[in-house]
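Read the structure below first, then the notes.
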Amino acid sequence: MRLEAPASDDPRDVVRSLRAAVLGAGPAVALGGAGLLGDVPPGTAVVVTTSGSTGVPKSVVISRNALISSAYATAARIGEGAWLLAVPATYVAGVQVIVRALLADREPAVVAGPFRPEPFAAAALGMASHLDGARVPRYTSLVPAQLQRLLDAAEHDATVAQALRSFEAILIGGQALAPSVRERAEAAGARVVRTYGSSETSGGCVYDGVPLDGVGMAIVDGEVRLSGPTLAEGYLGDPERTASVFPRADGTRWYRTGDGGQIDDGVLHVTGRLDNVIVSGGVNVSLDRVEAAVRGIPGLESAVVVPIPDAAWGQGSAVVVPGIAASRERDLLAVIREVVGTAVGAPARPACVVAVDELPTLRSGKPDRAMLRRLVGEGGQNPRD
């Protein structure tokens with residue numbers, strides 16, 4: 001099957017290409033990858049290429065059936081209506097916003113250019129609220145950093161606050177949502193739904209810990225695995241990686257997420273990346289658990305924890321905090337070390353705090369962790385007691 005890129009990364013061009021690929025007989029759409037080559041399986045709708053937060057590129061082949069299954073399962077869970085595209089159209093979250101809108105026979109509203117609260121609010125409130133006398137529910141998909149910016153703006157901008165309240169549901173994915181940010185959203189009247197998934201699952205397929213209809217969950221050797229009709233076909237031109245990441249067991253095809261987690265009474269709790277672990281003084285430390293503890297501290301909801309070398313202990317971690325003065329680093333470190341030591345354990349206490357004006361991000365809105373590791377470099381020694 002032929003694979004073609006849209007005319008540009010402009011959301012409107014992506015919408016046109018996806019309409020042909022998903023609803024018609026158009027070619028499969030190549031997003032995010034330059035000069036992709038190779039055959040794609042019949043029925044492929046899109047190949048999404050992303051380097052992710054670690055800088056390792058991957059081209060994920062997603063079928064038309066997987067996208068449609070995901071979109072219909074989402075509608076069954078949260079309802080159907082009009083969608084606002086505020087995340088990049090070339091990422092799977094953006095693709096799904098477009099597909100959900102197209103399957104509802106609607107054109108998605110679009111927030112163009114760099115994300116800012118004011119244009120988002122204008123686009124949200126400009127969406128049709130009624131059609132033929134019937135109310136039209138509104139939906140959108142955001143990453144946590146976008147939600148936090150909107151909540152900050154809503155404190156002094158009534159229009160942004162109104163826009164947040166106007167959505168039937170705001171899907172939040174891409175990274176963990178700090179509990180304090182979710183509490184702020186609820187206080188502001190925003191109806192937030194945490195989603196879990198990836199390009200390999202056609203986007204979010206577990207909502208607030210509960211899988212969408214048809215999606216299976218299992219924990220194997222501490223790793224979260226997912227199954228069902230939303231799974232991607234695999235990786236373009238990489239059959240070995242496809243076989244490793246999408247194994248079959250007892251007749252079921254599974255996706256190995258690489259995340260640790262547990263399932264309690266049918267609800268999934270993700271504990272973090274299995275490969276985001278350092279060995280500090282002979283002790284395994286999950287940096288995702290460290291980051292979750294740090295983000296629970298008021299004012300540090302956007303902090304990012306990255307690994308650093310440590311001459312004495314082998315590996316340590318640094319906490320990168322945007323929007324603070326460098327003079328606060330030492331005092332913050334003392335608070336962070338106490339909180340992390342209590343929540344995760346003494347070996348997990350970060351070595352240093354690094355103040356930055358703002359976090360570098362990927363186009364998806366996620367923190368660019370590879371760049372942050374380069375930024376932090378060799379700094380910091382772990383001052384253990």
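Which residues, counting only those in segment 138-184, are among the small types (Gly, Ala, Ser), without any contact (Cβ under 8 Å) to a residue 60 or more places away in the chain and farther than 18 Å from Ala109 by Cα? Answer for segment 138-184, where residues must be among the small types (Gly, Ala, Ser), without any contact (Cβ under 8 Å) to a residue 60 or more places away in the chain and farther than 18 Å from Ala109 by Cα: Ala153, Ala154, Ala158, Ala161. Is it the case that some residue within segment 174-184 is in contact with an Asp or Glu (Cβ under 6 Å, 6 or more places away or on another chain), modelled with pLDDT under 95 and of a type in the set (S, T, N, Q)? Within segment 174-184 (the criterion being in contact with an Asp or Glu (Cβ under 6 Å, 6 or more places away or on another chain), modelled with pLDDT under 95 and of a type in the set (S, T, N, Q)), the answer is yes, since at least one residue qualifies. Checking the stated criteria, Ala73 turns out not to satisfy the condition of being buried (at least 17 other Cβ atoms within 10 Å of the Cβ), in the same structural domain as Arg165 (by TED's automatic domain parsing), under 22 Å from Ala154 (Cβ atoms) and touching a strand residue (DSSP E or B) at 6+ places or on another chain (Cβ under 9 Å). The helices (runs of 4 or more DSSP H) located wholly in segment 60-168 that include 1 or more residues which are over 22 Å from Ala232 (Cα atoms) and in contact with a Gly (Cβ under 6 Å, 6 or more places away or on another chain) occupy 144-154, 158-165. Being under 27 Å from Arg12 (Cα atoms) and modelled with pLDDT of 90 or more is true of Glu107.
Could you run through segment 273-311 and say how many residues are of a type outside the set (Lys, Arg) and free of Cβ contacts under 8 Å to residues at least 40 places away in the same chain?
Step one: list which residues in segment 273-311 are of a type outside the set (Lys, Arg), which gives 274-288, 290-294, 296-311.
Of the ones still in play, those that are also free of Cβ contacts under 8 Å to residues at least 40 places away in the same chain are 275-279, 282, 284, 287, 299-300, 303.
Residues meeting the conditions: 11.
I'd like to check something: does segment 130-144 contain any residue that is in contact with a Lys or Arg (Cβ under 7 Å, 6 or more places away or on another chain), assigned by TED's automatic domain parsing to the domain that holds Ser70 and of a type outside the set (A, V, I, L, M)?
Just the residues of segment 130-144 that are in contact with a Lys or Arg (Cβ under 7 Å, 6 or more places away or on another chain), to begin with: 143.
Narrowing further to those that are assigned by TED's automatic domain parsing to the domain that holds Ser70: 143.
Of the ones still in play, those that are also of a type outside the set (A, V, I, L, M) are none.
No, the conditions are met nowhere in segment 130-144.
Taking every residue in segment 213-241 that is touching a residue at least 12 places away in the same chain (Cβ under 8 Å) and in the same structural domain as Asn65 (by TED's automatic domain parsing) and pairing it with any residue that is outside any strand (DSSP E or B) and of a type in the set (Lys, Arg), at least 6 positions away or on another chain, the pairs with Cβ-Cβ distances below 8 Å are Asp213/Arg77; Gly234/Arg241; Tyr235/Arg241.
If only residues of segment 49-71 that are touching a Leu at 6+ places or on another chain (Cβ under 7 Å) and modelled with pLDDT of 95 or more are counted, the one that is nearest to Ser141 (Cα to Cα) is Ala71. All of (1) in a strand (DSSP E or B); (2) out of contact with any strand residue (DSSP E or B) (no Cβ under 7 Å at 6 or more places or on another chain); (3) polar (S, T, N, Q) hold for Ser244 with one exception: (1).
The set of residues in segment 265-281 being of a type in the set (D, E, K, R) and within 23 Å of the chain's Cα centre (by Cα) consists of Arg273, Asp275. Contact map, segment 249-270: first residue more than 20 Å from Leu177 (Cα to Cα) and of a type in the set (Ser, Thr, Tyr), second residue modelled with pLDDT of 95 or more and assigned to a strand (DSSP E or B), Cβ cut-off under 6 Å, separation 6 or more or different chains; pairs are Thr252/Ser227; Tyr255/Leu226.
Has segment 193-210 got any residue that is of a type in the set (A, V, I, L, M, F, W, C), in a loop (DSSP other than H, G, I, E, B) and touching a strand residue (DSSP E or B) at 6+ places or on another chain (Cβ under 9 Å)? No, segment 193-210 contains no residue that is of a type in the set (A, V, I, L, M, F, W, C), in a loop (DSSP other than H, G, I, E, B) and touching a strand residue (DSSP E or B) at 6+ places or on another chain (Cβ under 9 Å).
Let's see how each residue does on (1) crowded, with 16+ Cβ neighbours inside 10 Å; (2) out of contact with any Leu (no Cβ under 7 Å at 6 or more places or on another chain); (3) without any contact (Cβ under 8 Å) to a residue 12 or more places away in the chain; (4) not hydrophobic (A, V, I, L, M, F, W, C):
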position	(1), (2), (3), (4)
Gly345	no, yes, no, yes
Cys352	yes, no, no, no
Ala355	yes, yes, no, no
Leu359	yes, yes, no, no
Pro367	yes, no, no, yes
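Does Gly314 satisfy being surrounded by fewer than 15 Cβ atoms within 10 Å (Cβ to Cβ), touching a residue at least 12 places away in the same chain (Cβ under 8 Å) and closer than 25 Å to Gly258 by Cβ? Considered against the rule, which asks whether it is surrounded by fewer than 15 Cβ atoms within 10 Å (Cβ to Cβ), touching a residue at least 12 places away in the same chain (Cβ under 8 Å) and closer than 25 Å to Gly258 by Cβ, Gly314 comes out as yes.
The values are calculated or read from the model by the stated rules, or taken from the named source; none is laboratory data. Here the structure is a predicted model, which means the values were calculated and not measured. Cβ: placed from backbone, ideal geometry, glycine included. Neighbour counts: every protein chain shown.
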